[in-house]
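The next block holds one structure in the form of C-alpha cells; read it before the comments.
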Amino acid sequence: MANFMQDSVVKYACSCGILHPISKLFFCRHCPKLRCGFCVCHEVDSNFCSNCLENIPSSEARKLCNNCANCFNCPCCLHTLSARATTVVVQKKPDEASRDAETTAGGSADAKPDPSKVFTKKMYYLSCLSCRWTSRDVGIPDQSVATGSWPDNECAYQSRFNALAEYYQAVVQQDKQERQEYLRRKTPKAHKFPSLTDRTGLTVSIIRRQMGWSDKNTQKAKPVNIAAAQNTEDVGQLPESVFTQKINLRNITTIKQRHNQPCEQPFTITKLYPQRRGLWIKRSLRCRECEHNVIKPEYHPTSVKYRIQLFASYHVPDVLLVKCDQLLKAGRMNSITLKLSNPTMHDMEINIVELPTIEDELKLIEEFKRSCALKDTSLTAATAMDSLKSLTGSPSLTGANTLANTSLVRQTSLQEEPRVVKQKTNSKLQPLDASFILNLRDDSKEFDEETQSITKQEPVFIVSRKSNKVWLRLKFTPDEQLKKGDDVYVGFNMLYTYVNTVTNTPEKKEPTTHVLNCRVYIKVGAIEV
C-alpha cells in the first residue's frame, strides 16, 4: 500500500524489472503484464487552461507558446491574477460635446458647446488577491475590456531572435531542396527517351508533385545574411550607489522571480510584469508492446473521469503489510502478517512461491531475448511465452486457456527489455505448502462487521477472512550476516488467476482465464538485536 507522504514498504516488480508501488503501476489487459511509466508511451490529447477551462487546439497552443491568451499569473507570488473593475471620470471631447449640445438645443445656432461636461467610464486592471500586487505598480494602463489585450513586456533581443529564426528556417529549406535534388538525380529513369506528348510541361509538374519533389521553376531558398554575434571584453563598471546606499531586500527580486522572466531578469520588483498562465494537458498512456491504451481521459477539461483506466490496483491483488509478529533477529525465524485484497469481480487462486535465483533469472532473460530475435518458424509462440516464466508472464502458460492461442503471440518485438531487479532479498522465505482462494469483490459485504470463521478446509497459514480480503501469516528467516540496524527485505512470487474479459479474436467471445505472476518485495523493518 502506498501512502501519500511516505515511501511504500510493499513494491511490485514491473515487466521491465523496476520496482514501484502498486499505485504507480498500470495493467495491460491485451498482453497481461504490469507496466510502469517507462513502459508506456505518453501522448498529448488536449491542451487547456486550468483557470478559464478553455480547450485550445494544438496549432493555436504552439502559436501562443503554450500559454493562455486571457489568464495571467502574479509575478511576485505566482497566484492567478483577477481583473478588477473601477470607474474613471472622463471629459468629453469637443466634437462630442458640440454634438450633444446640438441635440439638446434642438439644432439651434445660438447653442454653444459645453466642454465641461464629463461622464464615467468603466476600466479594468489586474490585481492579485494574495499579495495585493496590481498592474498599476509597473505602469500598465487600465483596459476598457476585462479580457482585453494586455500589453506584454517585449524582450530587448526579440528582433535578434526573429532574425536567427528566419535564417535557420531558410537553411533547413535549402537543405531539404538539395536532398530532393540529389534523390532525383540518383533515381533511375523509367524510360530511355523523354515523353513527346507533354508539350506544356503539366504532366511532368504533376508527377513531380506526386513524388514529393519540387518543381524545376521553383526558386531555391537562400539564407539571408545576418550579422554574426561578436563578443566584447568591455564590461561596464558598477555604479557607486551600490557601495554607498543601503539595500532593501523587499525591493529586490528573488531567483525564482527572475527565472520566471528569463528575457529581462529584472533586479527590482518594480520591473516585474504579469506572466501568461501556462497551459495544462490531458494525456493518454499507450502500451509500448501491443500499442493499446491503458489510460484514456475524457476530452472535456472539467471532467475528471476516464474512458479507459487500467490501473494495476484494479486488476492485481493488493498486498499490505499488517505487522511483524516478533522482533527481527539475524538467523532466527520470524513471521509477518499480510493482508491480500481481490479488486476484481472473479475469484482468484493465489499461490506464493520463492523468487528465482540470479542465474536462473539471467538464463530466462537471455532465452526470452533470443526467442524474440529469431525469425525461425520452428519457434512457436508457446516456447517464447514459456521462457518468460517468472519474469513478465506466467510459469504455467501452456494450458488450454493460455496466451499462445491468442493474437498476442505475434508481438515479438521488445521496446523495454526485461532486466534483473536490483533489489536483493536478505532473508530465506518459507513458501506456502498450498494455494488458497481469494473471494471476489462484493461491495455489499463491506458493511458486514462479522469476520468469517475459519473452516477446516482452510490452510493453517490463513489467519482470518472478510469479504474479498484475506489475512495470512508468512514465515521467513533473516540472514545471519545481518547486523543491528540493517533493513530486512522479503521477496516472493505471487501466482494468481486472472479472468480476461477482452476478446482478442472474433472466434473467442468468452472470457479466458490466465495464470499470471508478479514479484513482490516487502521491507519488513530493521534488525533489533
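Scanning the stretch 285-303 for residues that are farther than 16 Å from Pro57 by Cα and open to solvent by less than 60 Å² (accessible area, probe 1.4 Å) yields Leu285, Cys287, Glu289, Cys290, Asn293, Val294, Ile295, Lys296, Pro297, Ser303.
Just one of the listed residues (Ser335, Ser341, Ser284) is in contact with a Phe, Trp or Tyr (Cβ under 9 Å, 6 or more places away or on another chain) and modelled with pLDDT of 90 or more, namely Ser335. In the stretch 10-35, of all residues being in a loop (DSSP other than H, G, I, E, B) and either at pLDDT 90 or above or acidic (Asp, Glu) (or both), the one that is farthest from Arg62 (Cα to Cα) corresponds to Pro21.
Taking the conditions (1) assigned to a helix (DSSP H, G or I); (2) polar (S, T, N, Q); (3) over 19 Å from Pro262 (Cβ atoms) in turn, Asn162 satisfies each one other than (3).
Filter the stretch 251-284 down to the residues that are under 22 Å from Thr80 (Cβ atoms), open to solvent by less than 80 Å² (accessible area, probe 1.4 Å) and under 24 Å from the mean Cα position of the chain (by Cα) and list them by number. Of everything in the stretch 251-284, those that are under 22 Å from Thr80 (Cβ atoms), open to solvent by less than 80 Å² (accessible area, probe 1.4 Å) and under 24 Å from the mean Cα position of the chain (by Cα) turn out to be Asn260, Arg276, Arg277, Gly278, Leu279, Lys282. Of the listed requirements (1) open to solvent by 80 Å² or more (accessible area, probe 1.4 Å); (2) within 37 Å of the chain's Cα centre (by Cα); (3) over 30 Å from Gln91 (Cβ atoms), Ser149 misses just one: (3). Can you confirm whether Ala170 is of a type in the set (Gly, Ala, Ser) and outside any helix (DSSP H, G or I)? No. At least 1 residues being of a type in the set (Gly, Ala, Ser) and out of contact with any Cys (no Cβ under 8 Å at 6 or more places or on another chain) is the threshold, and among the strands (runs of 3 or more DSSP E) wholly inside the stretch 234-352 those reaching it are 280-287, 334-341. Pairs are defined by a Cβ separation below 8 Å, a sequence spacing of at least 6 or placement on different chains, a first member in the stretch 243-266 that is free of Cβ contacts under 8 Å to residues at least 60 places away in the same chain and among the hydrophobic types (A, V, I, L, M, F, W, C), and a second member that is open to solvent by 80 Å² or more (accessible area, probe 1.4 Å) and assigned to a loop (DSSP other than H, G, I, E, B); the pairs so defined are Ile252/Phe267. Among the residues that make up the stretch 495-502, is at least one of them at pLDDT below 85 and open to solvent by 10 Å² or more (accessible area, probe 1.4 Å)? Taking every residue of the stretch 495-502 in turn, at least one turns out to be at pLDDT below 85 and open to solvent by 10 Å² or more (accessible area, probe 1.4 Å).
Looking only at the stretch 328-338, decide whether some residue is within 19 Å of Met494 (Cβ to Cβ) and aliphatic (A, V, I, L, M). Yes: one or more hits. Checked across the stretch 313-320, the condition of being closer than 30 Å to Asn439 by Cα, touching a residue at least 40 places away in the same chain (Cβ under 8 Å) and surrounded by fewer than 15 Cβ atoms within 10 Å (Cβ to Cβ) holds for at least one residue.
Within the set Arg283, Arg288, Arg277, Arg307, the sole residue that is under 23 Å from Phe161 (Cα atoms), in contact with a strand residue (DSSP E or B) (Cβ under 7 Å, 6 or more places away or on another chain) and of a type outside the set (Ser, Thr, Tyr) turns out to be Arg277. The conditions of being over 30 Å from Leu129 (Cβ atoms) and either charged (D, E, K, R) or modelled with pLDDT of 90 or more (or both) are not met by Arg277.
In the stretch 132-146, of all residues being assigned to a helix (DSSP H, G or I) and in contact (Cβ under 8 Å) with a residue 24 or more places away in the chain, the one that is most open to solvent (accessible area, probe 1.4 Å) corresponds to Asp137.
Within the stretch 410-447, the residues that satisfy the criterion of being at pLDDT 85 or above and not in a loop (DSSP other than H, G, I, E, B) are Ser427, Lys428, Leu429, Phe436, Ile437, Leu438.
Tell me whether the stretch 36-58 contains one or more residues that are surrounded by fewer than 16 Cβ atoms within 10 Å (Cβ to Cβ), aromatic (Phe, Trp, Tyr) and in contact (Cβ under 8 Å) with a residue 12 or more places away in the chain. Yes, the stretch 36-58 contains a residue that is surrounded by fewer than 16 Cβ atoms within 10 Å (Cβ to Cβ), aromatic (Phe, Trp, Tyr) and in contact (Cβ under 8 Å) with a residue 12 or more places away in the chain.
The values are calculated or read from the model by the stated rules, or taken from the named source; none is laboratory data. Just so you know, these numbers come straight off a predicted model, no measurement behind them. Positions of Cβ are generated from backbone atoms using ideal geometry, with glycine treated the same way; all protein chains shown enter the neighbour counts. Heads up: the accessible areas ignore ligands, DNA and RNA and are worked out on the full protein's heavy atoms, side chains in. Shrake-Rupley method; radii C 1.70, N 1.55, O 1.52, S 1.80 Å.
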